[in-house]
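One structure is given here, and the rest of the page talks about it.
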Amino acid sequence: MSAFEEALARVLQQHIADYRSMKSVDRLSGGASQETYRIIIESGDGERMLAMRRTPGGMHVEPTPGHPGLPTEALLMQSARAAGVPEPEVYYVLEAADELGDGFIMEWLEGEALGARIVRSERFEGIRPKLAYECGKVMARIHAIDLARTGLEQRLAHVSPKDFVDQTWTNYKNLATPQPMIDYAARWLMDNLPDDYEPALVHNDFRNGNFMLDENGIVAVLDWELAHIGDPMRDLGWICVNSWRFGADKPVGGFGEYEDLFAGYEAESGKPVDPARVKFWEVFGSFWWAVGCLGMAEHYRSGPDKTVERPAIGRRSSECQVDCVNLLIPGDVQLIEPDDTSQDVDMPRADELLVSVRDFLRNDVMNVTQGRNNFMARVASNSLDIVLREWAIASRHKQAERERLEAFYEQKGTLADLRWRLVNGLRDGSLSLDDERLTAHLRQTVVNQIAIDQPRYTGLATALKAASAGS
């Protein structure tokens, strides 16, 4: 046994009723922010499965206003379960003496959590038409949890809409990367803050892919690590963000309509839903996740969990940015034609070397692996696809971006200097959000970037459809 397995076995022996032995423990694929494990034990009633969530690498992480920590996540799940929210039973919260880091062990529940399967699988054809309504009802139960009685009031930060935008914008600024569409969205959000709201518990990551589903409905709401006290409409807007539709058309998680989500919420809570506030939080959701994706890339550079998944998620920022384009400034755009790399006289060409590695990962490695290694091989092969597209498009894309900015400012300069000038103009308010030259530039830049990063993302098709409709 490894030191990790020995420590885990000791915890199970001490805190799991009727435990006899640990048969296996496997880290599951996915889970970029926290680790998730499936544990199989032998008990008096036979074989039994448990689940464990813990911090990456088994570290202790001090709670922060935006990340209350896994012990608080366990309390959130326990409180939600008591309020009628579908949740697994939490058996034990890890302590420092356990030498496993922060985390908790809980009941294993069967269900589907992969968003793409939830929106496409025939298995869920019967539940999909009712799922948006059910999500609304579950959200209303979460928002009704008594913060004082549960003790969550003392553990969670209260974040107003303005604070949320400010914090996210500051986090992005600290990354020191000029992404003008992120600053444009931040300016729009600051100009359109909700006037008032009734503070409540906000899950803050309730979306397709963060709940488990079976043929009868939601089995469990997952991933409470970002919960806070704030505007409950944040949850309704977040589930509608295009990133969590998994290629499907329907606005609520790819499976439902706005009206059904609102009706379920109103039926359970007795409170009306303001669609304009939900729209604000939908825009905010794409803005927030655009910054969050960049944060994953920064974690790869500086953090302990240097997996191939983190930089790949970093490139998903452009997906969120094109969603902001579609929500705020849709219009005319043209795609840049890729270079013809077949004319390169080198043998083998650089793109051929990349393709050979990609195909090895996708065809050979994936055929002989499973679980997390199989998932990571897929992520790695997809990252090489991004590099191949960048190889063919990026030089023309960046040249066109620089030329547009030189025309905008009537001044020559490097792309980096001009982009920073644009970003700083958005931040200090000297640029108007209504400037058509600005919005046209942002559309053109962001849409061509998503053509590199993920050309099959539905936000690209939406942007091109808007351009066609306007021509």
(Q) Can you report the number of residues in the range 147-166 which are within 14 Å of GLU198 (Cβ to Cβ) and more than 20 Å from the chain's Cα centre (by Cα)? (A) 3
Q: Please enumerate the residues belonging to the range 172-188 that are polar (S, T, N, Q) and part of a helix (DSSP H, G or I).
A: ASN174
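Need at least 3 residues that are aliphatic (A, V, I, L, M) and in the same structural domain as ASP205 (by TED's automatic domain parsing) per element, so show me which helices (runs of 4 or more DSSP H) inside the range 111-157 make the cut, counting only ones lying wholly within it.
Once the helices (runs of 4 or more DSSP H) in the range 111-157 are filtered for at least 3 residues that are aliphatic (A, V, I, L, M) and in the same structural domain as ASP205 (by TED's automatic domain parsing), what remains is 115-120, 128-143.
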Q: Could you check, for the range 78-87, whether at least one of its residues is of a type in the set (A, V, I, L, M) and at pLDDT below 95?
A: no
Q | Failed criterion for SER243 (all others in (1) hydroxyl-bearing (Ser, Thr, Tyr); (2) out of contact with any Leu (no Cβ under 9 Å at 6 or more places or on another chain); (3) buried (at least 24 other Cβ atoms within 10 Å of the Cβ) hold) | A | (3)
Q.
So, in the range 401-415, exactly how many residues are more than 14 Å from GLN444 (Cβ to Cβ) and either among the basic types (Lys, Arg) or in contact with a Pro (Cβ under 6 Å, 6 or more places away or on another chain) (or both)?
A. 1
Q) How many residues does the range 251-291 contain that are within 21 Å of SER318 (Cβ to Cβ), out of contact with any Leu (no Cβ under 9 Å at 6 or more places or on another chain) and assigned by TED's automatic domain parsing to the domain that holds PRO232? A) 1
Q. Do we have GLU122 as among the charged types (D, E, K, R) and touching a residue at least 40 places away in the same chain (Cβ under 8 Å) here?
A. no
Q: For the range 1-54, enumerate the residues that are basic (Lys, Arg) and buried (at least 18 other Cβ atoms within 10 Å of the Cβ).
A: ARG48, ARG53, ARG54
Q) When you look at ARG315, is it surrounded by 15 or more Cβ atoms within 10 Å (Cβ to Cβ) and modelled with pLDDT under 95, yes or no? A) no
**Q.** Tally, over the range 388-421, of residues that are out of contact with any Asp or Glu (no Cβ under 8 Å at 6 or more places or on another chain) and farther than 17 Å from SER318 by Cα
**A.** 17
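The values are calculated or read from the model by the stated rules, or taken from the named source; none is laboratory data. As the structure is a computational prediction, the values presented were derived from the model and not from experiment. Positions of Cβ are backbone-derived with ideal geometry, glycine not excepted, and every protein chain shown enters the neighbour counts.
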